[in-house]
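Structure, as structure tokens:
The values are calculated or read from the model by the stated rules, or taken from the named source; none is laboratory data. Keep in mind it's a predicted model, so treat the numbers as computed, not measured. Reconstructed Cβ throughout: ideal geometry from the backbone, glycine too, with neighbour counts over all protein chains shown.
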Amino acid sequence: MIDPIARILASYPETFFRSLAEQMDAAFAKALRITRQHYAEPERANMLGQARHACCEEGFRAAAYEAGLSVFAPHTKPAGGRYSLVSHDGIHLIRGNVQSHCGAPRPTRFRSEWAALNAWLDPVQLDLLRVVPMPSKGRLCGMMVVTAHGRSGDPSVPAFVGLGVPHCDLSKWMVLKPIHELLGLYHDLASKTHTPPEAPIIVKDLAVPRLKSRPNGAPKD
């Protein structure tokens, strides 16, 4: 089966994920600063979650713009909100909800519709009584995962930032990798690409032929 993470790394530049890590740190710091400046308890705790959502959406788009990727902000269906979408080479990235764990994202309608693109990654249950159409392999959905620390953690930075590929029904992650591992994979790919091939070892023949001396008077051939 095709590795979906490898496919994403082959299409998206390293600069996007590097900038994304920085943007998510900045988003958490900005959200905390805004809520402390403008809200008091008990409203502050609820507003912090909303501010994180807004700032992470903003940072997600900023990282994509910086990397030269296509960025959209479509409306949800039914209308009621908007979400950020980054698309490149048939690979579509959206954000999961900010959570305190790395579980599957909240199954909103728009997330469910995008996750359905990954049906080709799940085994198809063949039915002998009817024709089952094979899902298209041309498109893929990935989701950015950001989690927050618990009460005793640092609220100014995320606990986790990574990339996940969900199953088509959003039941769980097919694969989920932290962003520092993604950057490490780019480094490994670059090392393999730029390492020159080893030169063949040539062993020189240092032997020097010598003519045998003939006894005195021996006839020549």
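Side notes on the structure shown:
- Any chance S70 is hydroxyl-bearing (S, T, Y), closer than 20 Å to L170 by Cβ and either in contact with a Ser or Thr (Cβ under 6 Å, 6 or more places away or on another chain) or surrounded by fewer than 14 Cβ atoms within 10 Å (Cβ to Cβ) (or both): no
- Qualifying residues in region 154-191 (those that are among the hydroxyl-bearing types (S, T, Y) and in a helix (DSSP H, G or I)) - the one farthest from P105 (Cα to Cα): S191
- Test: residue in region 14-30 that is surrounded by fewer than 16 Cβ atoms within 10 Å (Cβ to Cβ), at pLDDT 95 or above, in contact with an Asp or Glu (Cβ under 8 Å, 6 or more places away or on another chain) and part of a helix (DSSP H, G or I): yes
- Per-region count, region 78-88, residues under 14 Å from the mean Cα position of the chain (by Cα) and more than 16 Å from G162 (Cβ to Cβ): 2
- Condition check for R44: at pLDDT below 95 and either under 23 Å from the mean Cα position of the chain (by Cα) or in a helix (DSSP H, G or I) (or both): yes
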